[in-house]
1. Exactly one of (1) under 31 Å from the mean Cα position of the chain (by Cα); (2) free of Cβ contacts under 8 Å to residues at least 60 places away in the same chain; (3) more than 30 Å from Glu62 (Cβ to Cβ) is unmet by Trp186. Its number?
2. May I ask you to list the residues in segment 92-139 that are closer than 17 Å to Leu162 by Cβ and in contact with a Phe, Trp or Tyr (Cβ under 9 Å, 6 or more places away or on another chain)?
3. Quick one: which of Val127, Val166, Val200 is within 30 Å of Gln86 (Cα to Cα) and in contact (Cβ under 8 Å) with a residue 60 or more places away in the chain?
4. Out of segment 117-176, which residues are part of a loop (DSSP other than H, G, I, E, B) and farther than 20 Å from Arg191 by Cβ?
5. Which one is most open to solvent (accessible area, probe 1.4 Å), of the residues in segment 65-116 that are modelled with pLDDT of 90 or more, among the charged types (D, E, K, R) and assigned to a helix (DSSP H, G or I)?
6. Kindly establish whether Arg142 is at pLDDT 90 or above and either surrounded by 11 or more Cβ atoms within 10 Å (Cβ to Cβ) or closer than 29 Å to Lys105 by Cα (or both).
7. Could you tell me which numbered condition Lys202 fails, if it satisfies all but one of (1) in a loop (DSSP other than H, G, I, E, B); (2) over 24 Å from the mean Cα position of the chain (by Cα)?
8. Given the criteria at negative phi and at pLDDT below 90, does Ala132 qualify?
Amino acid sequence: MRFLRRNADDTATTETPESGVELAEPLDRARTAGKGKATPKRREAQNRRSGPVPPPPRTQREAFKRMRGNKVSKEERRAAATERRQRMMAGEDKYLLPRDRGPVKAYIRDLVDSRRNLMGLFMPLAVLVFVALLTPSLAVQRYATLATTFMLIAMVIEGLVLGRIVTRKVRAKFPTEPIKGISIGWYSFIRASQLRRLRVPKPRVKPGEAIK
């Protein structure tokens, strides 16, 4: 019998309205309806995907992370690093290391930089001792070792005295700040043991200048 051999297309397209089933969709699926609006430009689409402009970085670590995430040229990275270095040497607080930030640390640096310290000769003394140990003369080595020992003892005594002086002045200047004597003394010692031209940030007071 012929009606038993109907294929799937015949069953899909010969449904009658009496059965309550709507007619099948047109077979032409390549034809799509219009969007009803203009296609956005490429720049507008990129701005929409990127979102709002982020705020400027608050710390140096955040700036490094952003630089790593964004592809920039070597010249731009060098220029940014040079600018950060200059601002750090100038003493701008947000570009300093965490250990150097704050008005307390700035005041300590001014106190240390206003003094002429024997500890500033620590690095030249270390170089002198190294050169003396390379000489074949035992007498030179003996005198160099003896002089170095006395210098180190004098530096330690000066560091202790400097730490007490700086701690007393910092507590008088900032009575509401939590001041730890050991931390202040160590920070003062490290600052004083560096050569003046190598200190970071650069000294902003001259030796002998009075600090209030």
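The values are calculated or read from the model by the stated rules, or taken from the named source; none is laboratory data. Computed from a predicted structure; not experimentally measured. All Cβ positions, even for glycine, are placed from backbone atoms using ideal geometry, and neighbour counts span all protein chains on display. The area values use the complete protein model at the heavy-atom level, side chains included, leaving out ligands, DNA and RNA. Shrake-Rupley method; radii C 1.70, N 1.55, O 1.52, S 1.80 Å.
1. (3)
2. Passing the criteria: Val104, Lys105, Tyr107, Ile108, Arg109, Val112, Met119.
3. Numbers: Val127 fails: in contact (Cβ under 8 Å) with a residue 60 or more places away in the chain; Val166 fails: in contact (Cβ under 8 Å) with a residue 60 or more places away in the chain.
Unique residue meeting the criteria: Val200.
4. Of everything in segment 117-176, those that are part of a loop (DSSP other than H, G, I, E, B) and farther than 20 Å from Arg191 by Cβ turn out to be Thr135, Pro136, Ser137, Pro175, Thr176.
5. Once the filter is applied, the top-ranked residue is Arg99.
6. Working: at pLDDT 90 or above: no; either surrounded by 11 or more Cβ atoms within 10 Å (Cβ to Cβ) or closer than 29 Å to Lys105 by Cα (or both): yes.
It is false that Arg142 is at pLDDT 90 or above and either surrounded by 11 or more Cβ atoms within 10 Å (Cβ to Cβ) or closer than 29 Å to Lys105 by Cα (or both).
7. (2)
8. yes
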